[in-house]
Structures are given as structure tokens and as C-alpha cells.
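The values are calculated or read from the model by the stated rules, or taken from the named source; none is laboratory data. Note that the structure is predicted; figures quoted are calculated from it, not measured. Glycine also receives a Cβ, built like all others from the backbone with ideal geometry; neighbour counts cover every protein chain displayed.
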């Protein structure tokens, strides 16, 4: 499995790294999960989390601000537009964690795959 993010133009070039609170503090990035497992993965979840910890342990121990759920066929990908708002000045890490069904099928577990984006928000 691969997890990666692209900017709003679907390129890996113009990530929103510096924002101004309540001016341009909402942004969108595309988060994509590619399946190379050799089988279809049902009920895959991407959990979007925001933390002020620049070096967190994974999975990040905060509530997800968004969750995307989908089925990904082998060799295919699942893409979602994640919209994030950061209105308080500070340094943040926006994390996109992949969670997959656990062995018993009654829940999900962190796959160990994630992508992240460091964002600095300054005051207006």
C-alpha cells in the first residue's frame, strides 16, 4: 500500500506550508491510496488528523477530523479531496493515516502507512 498527497492541482509542488489564520487557513489536498497487495481491500479508511506535535508516535493519538472509506481493487487507487481548516496560529502536522480491517473483521487497525504535511499558521 502507498499513501501520498498532492496539492490542489494534483501535483507534488505547491503544498500549503505557510498560512495566515482566518485569511487563507483552509486548504485542500488530494490523498491517494494505491493497492499493491495482490487482492481487493474493502473498507479501507484514510483518517485525517491534525496535531501540534511535530514528531508524534504513529498512529497519532488524536481524533480524526475526516475519514474516507472505500474499496480499492488490486492495482487500483482511491483518491479523495481532504479539506483542512487551521484557524489558530501555530505549527501543525496534518497526517493521513491508512487503517485497514483487522483479522477478525470487526474493526480496523493502523496499517503503518501514512503521509503527512507540515503547516505553519501565522496570525493575521
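Selection within region 16-43: residues that are part of a loop (DSSP other than H, G, I, E, B) and buried (at least 17 other Cβ atoms within 10 Å of the Cβ). The member of this set that is nearest to the chain's Cα centre (by Cα) is 16. Only one entry of 43, 24, 14, 63 meets the criterion of being without any contact (Cβ under 8 Å) to a residue 24 or more places away in the chain and under 24 Å from residue 106 (Cα atoms), and that entry is 63. Among the residues making up region 78-124, those that are part of a loop (DSSP other than H, G, I, E, B), touching a residue at least 40 places away in the same chain (Cβ under 8 Å) and over 19 Å from residue 62 (Cα atoms) are 123, 124.
Say whether the condition of being modelled with pLDDT under 95, farther than 21 Å from residue 11 by Cα and surrounded by fewer than 18 Cβ atoms within 10 Å (Cβ to Cβ) is met by at least one residue in region 74-87. Yes - at least one qualifying residue is present in region 74-87.
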